[in-house]
Every structure is written in C-alpha cells, then in structure tokens.
Amino acid sequence: QLQILDALLKLRQVCCDPRLLPSEKTRGKAAPSAKLDLLMELLPEMLAEGRRVLLFSQFTEMLTLIEEALAGRDLAWTKLTGQTK
C-alpha cells in the first residue's frame, strides 16, 4: 500500500512540474512544465482584465517555482503559507 501511495504522490508531483520529483537525476534540470507554462500564458491576460488570481498548491516547492516565474516577468504577488504570520 505504501508503494502505491508513493507512486501516486510522484505522479501528482510530475503532473505539476517534473522538477518536483525528489530525484537527483531531475533536480535542478530545466524540465518543461505544461501547467506552469499555461499559467504564465493565461495570467497576464487575466491581470490585464483587472482580475485577481488566487493559486493553490499542495506542494510548496511548486509555489516557489511559480514565484520564480512571476519574478522573471516582474509580476507582483503575495504568498500565504502555514509559515505566514
């Protein structure tokens, strides 16, 4: 059962972004992320329309990757995690 749960977790991680996999082979490599690419494509359009966007992720590392992508495009953001006071 634990192996199945571990495999499901890894599948969920790789679906968000392959860099989330806890593997030395993939860590740090610039693997394409369809979800992140689509987000970066849609987000400027939504912001231009005056929308506010709220993003959720179970994986805090995914939020870090999103932060880096937003910073690269000079887009402002606020991050709320369990560590936020």
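Annotations for the structure displayed:
- Expressed as a whole percent, the accessible area of the chain that falls on carbon and sulfur atoms is 58 (1.4 Å probe).
- Residues Met40 and Thr78, FRET efficiency given R0 of 22 Å [Cβ-Cβ distance, rounded to 0.05]: 0.80
- MRE, 222 nm, helices only [DSSP H, n ≥ 4, -39500 (n - 2.57), over the chain, to nearest 500]: -16500 deg cm²/dmol
- Selected from Glu41, Glu61, Glu49 as most flexible by GNM, with the chain as the system and alpha-carbon contacts under 10 Å: Glu49
- Gaussian network model of the chain, Cα within-10 Å springs - most flexible of Arg52, Arg19, Arg73: Arg52
- Per residue, the solvent-accessible area of the chain (1.4 Å probe, heavy atoms of protein chains only, all protein chains present) comes to 81 Å².
- Degrees separating the helix 2-16 axis from the principal Cα axis of the chain, which is the longest one: 30
The values are calculated or read from the model by the stated rules, or taken from the named source; none is laboratory data. As the structure is a computational prediction, the values presented were derived from the model and not from experiment. FYI the Cβ positions are ideal-geometry reconstructions off the backbone, even for glycines, and counts take in every protein chain you see. What goes into the accessible areas is simple: the full protein's heavy atoms, side chains included, and nothing from ligands, DNA or RNA. Shrake-Rupley method; radii C 1.70, N 1.55, O 1.52, S 1.80 Å.
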